[in-house]
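The values are calculated or read from the model by the stated rules, or taken from the named source; none is laboratory data. The structure displayed is predicted, hence computed values, not measured ones. Here Cβ is always computed from backbone atoms with ideal geometry, including for glycine, and neighbour counts include all displayed protein chains.
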Amino acid sequence: MTTQFPAMDDNPRRDEGAQPADDDVVSILREQHVRIRTLFGAVKGAQSDRRKESFDELRGLLAVHETAEEMVVRPVAKKTAGEKEAEARNSEEKEANKVLAQLEKMNLSSSEFETQFEQDVLAHAEHEELKEFPALVAGCTPEQRQAMGRRLVSAERIAPTHPHPTAAGSPAMQWTLGPFASLLDRARDAFTGQRN
């Protein structure tokens, strides 16, 4: 999945010091968080078909974003931010994946669709930005973060585009089941005409 995300020059959470390179994993993830926030707004503000398009884009972005984080970031975050922090983020992603799978089956115009999901996803992103990302910056060299960024982008290319709660929250399961689920998801997307 190759998606362009807006720059985050005005992000108040940006670390002091040197600007990270474009392929720095922290920079990539922060830009994706901006896109996720934007898409939540688009889903809430859109009507009928456009709402479904916005949700499909949000769902696809969340699916590949969270999978790639689990595959690439979490193993390193265990060392830099601590095992407890990494496990907390994996647990949040597992719960979000379950909710996303339920939302995917709902009528987007139903009142049930507006849930706690947005707040939970944004709180998860904030935890990453305030705890996990600073630990990655402090514990990894710029070159290591750039290599992680390249691995993250590669992982996103093979990540599933739909939620798979059985694999969510486990980097090992993502590596084992993710590529197979991705093939099925991408075939389904092509068949139904969804762009992710």
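Quick look at the numbers
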quantity	calculated
Any hit, the range 177-187, residues being at pLDDT 80 or above, under 14 Å from the mean Cα position of the chain (by Cα) and farther than 29 Å from Gln47 by Cβ	no
Hits in the range 166-194 - residues which are of a type outside the set (Gly, Ala, Ser), assigned to a loop (DSSP other than H, G, I, E, B) and surrounded by fewer than 16 Cβ atoms within 10 Å (Cβ to Cβ)	Thr166
Helices (runs of 4 or more DSSP H) completely within the range 32-111 that count 2 or more residues being of a type in the set (Ser, Thr, Tyr)	48-68
Test: residue in the range 131-141 that is of a type in the set (A, V, I, L, M), surrounded by fewer than 15 Cβ atoms within 10 Å (Cβ to Cβ) and either in contact (Cβ under 8 Å) with a residue 12 or more places away in the chain or on the phi > 0 side of the Ramachandran plot (or both)	yes
Condition met for Leu152 (over 18 Å from the mean Cα position of the chain (by Cα), in a helix (DSSP H, G or I) and not aromatic (Phe, Trp, Tyr))	no
The range 157-173 residues that are farther than 16 Å from Ala101 by Cβ, paired with ones that are hydroxyl-bearing (Ser, Thr, Tyr) (beta carbon under 8 Å, 6 or more apart)	Arg157/Thr2; Ile158/Ser182
Subset tally (residues that are under 23 Å from Arg188 (Cα atoms), of a type in the set (D, E, K, R) and either in contact (Cβ under 8 Å) with a residue 40 or more places away in the chain or buried (at least 17 other Cβ atoms within 10 Å of the Cβ) (or both)) for the range 24-78	6
